[in-house]
Amino acid sequence: MGRGHPPRALGRRGARAGHDGDGRVRQRRHRDGLVRRQHARRGPALLRLHGQGGRLAGPLHGLAVRRNGGGLAGRAAGRRRVKARRPPTAADLAQVRADHEAIAAHLKRHQEALVGFELSNALGELEEFARRLRRHIRLEEDILLPAYEALGAAPRGGKAEFFADEHRKIEAKVAELLASVRGLSSGSTPRSAVVALIEREARLKELLSHHEQREEMFMIRLLEKSLGGK
């Protein structure tokens, strides 16, 4: 041992410049970081570290699967198919068509009450519209859409998640309108506020019409065919 040099600790290599204690630590951290980045790109796999090594094992467990209020939204984020509670029937398809007519009728009566400044009746019709709509969406998302998706590759513009996404948009708009109508007061609401509300509802009606056309063109037609209809 040369004079003037401090003794070296036994059983451990001395730290070299540019390293964190053990000379292998920084190299290992760098390697583990590469594995994690590769895992993020190539998944799905679960990274497990054992000592200095890393290995990829098994499919990812606990993957978040979200039905989003009973719907099919979120498929792009890795959600699995939702199994239908029961097979659809011709009566279910007839119910969907009847719902479309009833929902439109409630909205029409709601707007007629708004124009007449019958705000209590307007709110009642809109609340009934919302209840009928929720029941309608539940039928589609629990029974019809899973069965439709199980038929195989959907036509362009007719994917099951498109219907579910539109359901979420419709529900959000209805919630906003309910809040607005509940905030109206027959004694202090200017007619301009009612006109603005009807204009907002026109956008909802347009969305509903587009959605119903998509359902008729794709989901209902193909399910009818699978049930032996025309």
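The values are calculated or read from the model by the stated rules, or taken from the named source; none is laboratory data. Remember, predicted model here, so these are calculated numbers, not experimental data. As a convention, Cβ positions derive from the backbone with ideal geometry for all residues, glycine included, and neighbour counts pool all protein chains shown.
When 147, 160, 164 are screened for being farther than 22 Å from residue 110 by Cβ, buried (at least 17 other Cβ atoms within 10 Å of the Cβ) and in contact with a Phe, Trp or Tyr (Cβ under 9 Å, 6 or more places away or on another chain), only 160 passes. From the list 207, 223, which residue is touching a Lys or Arg at 6+ places or on another chain (Cβ under 9 Å) and of a type outside the set (Ser, Thr, Tyr)? Testing whether each residue is touching a Lys or Arg at 6+ places or on another chain (Cβ under 9 Å) and of a type outside the set (Ser, Thr, Tyr) leaves just 207. Within segment 179-206, residues that are in the same structural domain as residue 121 (by TED's automatic domain parsing) sit with their Cβ atoms under 6 Å from residues that are hydroxyl-bearing (Ser, Thr, Tyr), at 6+ positions apart or across chains, in these pairs: 197/180.
Residues that are among the hydrophobic types (A, V, I, L, M, F, W, C), modelled with pLDDT of 95 or more and surrounded by 12 or more Cβ atoms within 10 Å (Cβ to Cβ) within segment 72-93 comprise 90, 93, listed in sequence order. Being touching a residue at least 12 places away in the same chain (Cβ under 8 Å) and among the basic types (Lys, Arg) is a condition met by at least one residue of segment 214-221. Scanning segment 191-230 for residues that are of a type outside the set (A, V, I, L, M, F, W, C) and outside any helix (DSSP H, G or I) gives 228, 229, 230. Restricting attention to segment 115-127, the residues being at pLDDT 95 or above and surrounded by 17 or more Cβ atoms within 10 Å (Cβ to Cβ) number 4. Restricting the first member to segment 111-131 and to residues that are not assigned by TED's automatic domain parsing to the domain that holds residue 99, and the second to residues that are part of a loop (DSSP other than H, G, I, E, B), no beta-carbon pair is closer than 6 Å while six or more apart or on different chains. Evaluating residue 188 against the criteria (1) at pLDDT 95 or above; (2) in a loop (DSSP other than H, G, I, E, B) leaves one unmet condition, (1).
Residue 173 - would you say it is of a type in the set (Lys, Arg), out of contact with any Lys or Arg (no Cβ under 6 Å at 6 or more places or on another chain) and more than 20 Å from residue 94 (Cβ to Cβ)? Yes: the conditions hold for residue 173.
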